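The values are calculated or read from the model by the stated rules, or taken from the named source; none is laboratory data. Every value quoted in this text rests on a predicted model; they were computed, and no experiment measured them. Reconstructed Cβ throughout: ideal geometry from the backbone, glycine too, with neighbour counts over all protein chains shown.
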Amino acid sequence: MRASLRRIWGLIFRHLALYRRSPPRVVELMYWPILQMVVWGFVTAYLAGAGQGVASVAAGVLLGGVLLWEAALRSQMGFSISFLEEIWSRNLGHIFVSPLRPAELVAGLAAMSMLRTLIGVLPAMLLAWLLYAFDILAMGPVLVAFFAALLAMGWAVALGVTAMILRWGAGAEALAWSVLFGLTPFACVFYPVAVLPAWLQPVALMLPAAHVFEGMRAALLEGRVDGGHLAAAFVLDALWLAAMGALFLRQFEAARIRGSLLNIGE
Amino acid sequence: MNGPALVVEGLAKRFAPDRPPAVEDLTFTLPRGATWGLLGGNGAGKTTTIAMLLGLLVPSAGRILALGHDMAKDRFAALARMNFSSPYIALPHRLSVRENLEVYAHLYNVPRMRRRIAELAEEMALTEFLDRPAGELSAGQKTRVALAKALLNRPELLLLDEPTASLDPDTADWVRGRLEAYRAESGAAILLASHNMAEVERLCAHVLMLKRGRVVDQGAPADLVRRYGRADLEQVFLAIARAA
């Protein structure tokens, strides 16, 4: 157990050392969440100024959605890009012939993803409070649960992306930036699931994020914790993580059979 | 621990049914404390063989026992006691030499990490470069760092892919000296793939000559030279490579 934790720490340490020596990477972590927050902050300021009451509340829901969806996006990218860093540095061969198990690799990448997400999203949260007086912490402890559910969803998607990189090589790396953006319409970040066409609603409800954002709206608009949506989000997270974890392991073994671990960066 | 360092039985790899096998029916036993060479031209199957020995590639057939562990079932137990170096696989360039070695000391669960890194830095003449980014080092310095990484966990089985490629003769000679010293001190077994015949003659007690994925001959370098009636191992290599 101790050796396993140490191997996971070795992987985390490798990425922390990289960030310590590469300030642009740290800036990049914060850049998009802050940019998103500023743009949506002006939109919400406009909405809040244009109308009263409902518009003002809707503005808060928009900002909450922006901040929480950034957590999911950063979580997925943090995982996938940390894996890509090993490909870009041509270090993957050394990693895969070390005693680091695939599960430990996943744990190390998930830990890095969490750190990257916190570094990316916390400044945006602070900015939302300073510039637009939007205090996401007002949601209370349930915010931690929303954050955790979206983090886990980001890991599940990232496992799928990493499996695709193992299958298709570095040619699939564009997925690391794009795939979760494609799910935005179905995640119902800025509108209720009920807005979607009836045939699309079951698709949306298969995503943990749709339940998180339903729960977020219940918390912000009605001041209540919707336990049903929260539980559904975590159950779906577990299912998606299991499915994508199995896909990752399958592609890892397939890559060992094909020999693509030898030239994955090409 | 008794028993050979490496037992390879009927090892084969075929990447596609319509392509010839990259490695076919490879069988050998590498004793502990010995250095063996894996020789062959480009495409002979050396890299494929090493990748299978490291668990990076699943064989199509055959069995590998590394330090008594079946690589098909228990490869991580073996990998913790092995190590590997190749000039074709880099260490992260932005990290300092010390950080790189610390990363791998954690991955290999090396006890008394700082002391071990200091020892290796001294042995490999790296002390003055420890805090310099690995990407800023010369080819020779990078090779020494890669070798230090490969020796971090005091491996009982060391696999080396062209350990002196692109090094000047002085540095290459120094690396060979370090490898000889490590084998003598530790009793480790070393399997090296190389195109440098002088290096193989100096380091290896036994060589496996590969051609089109098969062992076409093997023996001690001096025996091979005698048997083929050539002046040196390079001439033997050429004779084998050019034979139909």
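Answer yes if at least one residue in segment B:119-131 is part of a loop (DSSP other than H, G, I, E, B), in contact with a strand residue (DSSP E or B) (Cβ under 8 Å, 6 or more places away or on another chain), at the interface with chain A (Cβ under 9 Å from one of its Cβ atoms) and of a type in the set (D, E, K, R), and no otherwise. Quick ask: steps written out before the conclusion?
Taking segment B:119-131 and keeping what is part of a loop (DSSP other than H, G, I, E, B), we get B:124-126, B:130-131.
Filter once more, keeping what is in contact with a strand residue (DSSP E or B) (Cβ under 8 Å, 6 or more places away or on another chain): B:130-131.
From what's left, at the interface with chain A (Cβ under 9 Å from one of its Cβ atoms): none.
No, segment B:119-131 has no match at all.
If you check A:PHE248, A:PHE213 for being of a type in the set (Phe, Trp, Tyr), within 19 Å of A:VAL66 (Cα to Cα) and assigned to a helix (DSSP H, G or I), only one passes: A:PHE213.
Of the helices (runs of 4 or more DSSP H) lying entirely inside segment A:135-204, those containing at least 3 residues that are in contact with a Ser or Thr (Cβ under 9 Å, 6 or more places away or on another chain) and either buried (at least 21 other Cβ atoms within 10 Å of the Cβ) or polar (S, T, N, Q) (or both) are A:142-168. Residues of segment B:98-118 being of a type outside the set (D, E, K, R) and more than 9 Å from every other protein chain (Cβ to nearest Cβ), which ones? Of everything in segment B:98-118, those that are of a type outside the set (D, E, K, R) and more than 9 Å from every other protein chain (Cβ to nearest Cβ) turn out to be B:LEU101, B:VAL110, B:PRO111, B:MET113, B:ILE117, B:ALA118. Residues in segment B:43-55: is at least one closer than 20 Å to B:LEU224 by Cβ, assigned by TED's automatic domain parsing to the domain that holds B:ARG183, touching a residue at least 24 places away in the same chain (Cβ under 8 Å) and of a type in the set (Gly, Ala, Ser)? For segment B:43-55, residues closer than 20 Å to B:LEU224 by Cβ, assigned by TED's automatic domain parsing to the domain that holds B:ARG183, touching a residue at least 24 places away in the same chain (Cβ under 8 Å) and of a type in the set (Gly, Ala, Ser): present. For segment A:82-101, the candidate set comprises residues that are out of contact with any His (no Cβ under 8 Å at 6 or more places or on another chain) and more than 10 Å from chain B (Cβ to nearest Cβ); within that set, the residue that is nearest to B:PHE84 (Cα to Cα) is A:ILE87. Of all residues assigned to segment B:213-233, none qualifies as being touching a strand residue (DSSP E or B) at 6+ places or on another chain (Cβ under 9 Å), under 18 Å from B:LYS149 (Cα atoms) and assigned to a strand (DSSP E or B).
Which of the residues spanning segment A:17-38 are part of a helix (DSSP H, G or I) and either out of contact with any helix residue (DSSP H, G or I) (no Cβ under 8 Å at 6 or more places or on another chain) or of a type in the set (Val, Ile, Thr) (or both)? Matches in segment A:17-38: A:ARG20, A:PRO23, A:PRO24, A:VAL26, A:VAL27, A:GLU28, A:TYR31, A:ILE34, A:LEU35, A:VAL38. For segment B:42-49, the condition of being surrounded by 23 or more Cβ atoms within 10 Å (Cβ to Cβ) and in contact with a helix residue (DSSP H, G or I) (Cβ under 7 Å, 6 or more places away or on another chain) holds for none of the residues. Quick one: is A:LEU131 more than 14 Å from every other protein chain (Cβ to nearest Cβ), of a type in the set (A, V, I, L, M) and within 23 Å of the chain's Cα centre (by Cα)? Criteria not met by A:LEU131. Scanning segment B:144-169 for residues that are in the same structural domain as B:SER96 (by TED's automatic domain parsing) and over 27 Å from B:PRO31 (Cβ atoms) turns up B:ARG144, B:VAL145.
Considering only residues in segment A:27-40 that are more than 17 Å from the chain's Cα centre (by Cα) and in contact (Cβ under 8 Å) with a residue 12 or more places away in the chain, the one that is nearest to A:PHE190 (Cα to Cα) turns out to be A:TRP40.
Does B:ALA172 count as assigned by TED's automatic domain parsing to the domain that holds B:LEU11, surrounded by fewer than 18 Cβ atoms within 10 Å (Cβ to Cβ) and either closer than 28 Å to B:ALA205 by Cβ or modelled with pLDDT under 95 (or both)? Criteria not met by B:ALA172.
Any residue in segment A:154-176 that is touching a residue at least 24 places away in the same chain (Cβ under 8 Å), of a type in the set (Val, Ile, Thr) and within 22 Å of A:LEU221 (Cβ to Cβ)? Don't jump to the end; show me each part of the working.
In the first step, residues of segment A:154-176 are kept if they are touching a residue at least 24 places away in the same chain (Cβ under 8 Å); the result is A:154-167, A:169-170, A:173, A:175-176.
Adding the requirement that they be of a type in the set (Val, Ile, Thr) leaves A:157, A:161-162, A:165.
Checking the rest, the ones that are also within 22 Å of A:LEU221 (Cβ to Cβ) come to none.
Scanning segment A:154-176, I find no residue that is touching a residue at least 24 places away in the same chain (Cβ under 8 Å), of a type in the set (Val, Ile, Thr) and within 22 Å of A:LEU221 (Cβ to Cβ), so the answer is no.
Of the residues making up segment B:56-70, those that are more than 20 Å from B:ALA80 (Cβ to Cβ) and crowded, with 17+ Cβ neighbours inside 10 Å are B:PRO59, B:GLY62. Whenever a residue of segment A:188-205 is within 11 Å of A:ARG217 (Cβ to Cβ), it has no partner that is exposed (fewer than 14 other Cβ atoms within 10 Å of the Cβ) and of a type outside the set (S, T, N, Q) lying with C-beta atoms less than 6 angstrom away and at least six residues away or across chains.
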